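Worksheet: the structure to be examined is printed underneath.
The values are calculated or read from the model by the stated rules, or taken from the named source; none is laboratory data. In this text the structure is predicted, and so the values were computed from the model without any measurement. A quick note on method: Cβ atoms are made from the backbone with ideal geometry, for glycine too, and the neighbour counts reach across all protein chains shown. For accessibility, only protein heavy atoms count, side chains too; no ligands or nucleic acids. Shrake-Rupley method; radii C 1.70, N 1.55, O 1.52, S 1.80 Å.
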Amino acid sequence: EEALRLTPNRDADKPARLSNLGTALIARVERHGNVKDLNEGINSFREAVQQTQDGHSDKPSLLNNLGHGLLTRFEQHGKVEDLNESISCRREALQMTPEGHTDKPIWLNNLGNGLIRRFERYGGVEDLNESISTRREAVQQTPDGHTDKPGQVINLGIVLIRRFIWHGNVEDLDE
């Protein structure tokens, strides 16, 4: 907070510092559950996004971080508005991210996380299907041998099993 306080408003590093503060606050929330930290973390992420122009290379990352904060708040308080905004932020981040970007598979998986949460809560099969497609794309975009690849494959398998349970289609188990 002190570094942020000392940073002038027009400083090019201010959005990154706001995002770092938001990340620290959300991490503290995940450990201790302080609602004040949660709201402050989300506000820091929001301000970072607002202070970053479209087209800036950091904007997708900032949107993804905001999406994480909102999903955390949804998981703690259950407000569908937070979940929907989290999904929107992550979709926007992906739209701004060029093909081949090293973070794109992680962000696809993160979008899949929000979509499966919404499916679990409301049963919208379109969310389940989109979660599968985003996680499938995450697997395809993660190079073989990358340390994230096994986790991406497991996450895809989990949502395919969910769809099998929902629809009973054996093809989902075979994949």
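About the centre of its Cα atoms, segment 51-175 shows a dipole size close to 280 debye [charges on the beta carbon of Lys, Arg (+1) and Asp, Glu (-1) only; nearest 20 debye]. Between residue 36 and residue 57, the FRET efficiency from the beta-carbon distance, with R0 = 45 Å, is close to 0.90.
Using θ = phi - 60° in the Karplus curve 6.51 cos²θ - 1.76 cosθ + 1.60, the 3J(HN,Hα) couplings for segment 140-156 round to 5, 8, 8, x, 4, x, 5, 5, 7, 4, x, x, 5, 5, 4, 4, 5 Hz; x is entered for Gly and Pro. Listed by chain and number, the lysines whose C-alpha is less than 18 Å from the C-alpha of residue 149, apart from same-chain residues fewer than 8 away, are 104.
When the solvent-accessible area of the chain is split by element, carbon and sulfur atoms take up 48 percent of it, the probe being 1.4 Å.
A simple spin-label model places pseudo-atoms 7 Å from Cα toward Cβ; at residue 146 and residue 27 they are separated by 2.3 nm.
Compactness of the chain is given as radius of gyration and Dmax, 17.2, 59 Å, from Cα positions. Which FRET efficiency value, to the nearest 0.05, is calculated for residue 43 and residue 120 with the Förster distance at 45 angstrom and r the Cβ-Cβ distance? The computed FRET efficiency comes out at 0.95.
Here the simple spin-label model places points 7 Å from the Cα toward Cβ, and for residue 103 and residue 167 these points are separated by 3.3 nm. Per residue, the chain exposes 55 Å² of accessible surface when a 1.4 Å probe is rolled over the protein heavy atoms with every protein chain present. With the Cα gyration tensor of segment 15-85 giving a ≥ b ≥ c as the square roots of its eigenvalues, does the rule (a/c under 1.5 for rounded; else a/b larger than b/c for prolate; else oblate) give rounded, prolate or oblate? Taking the square roots of the gyration eigenvalues as a ≥ b ≥ c, segment 15-85 is oblate.
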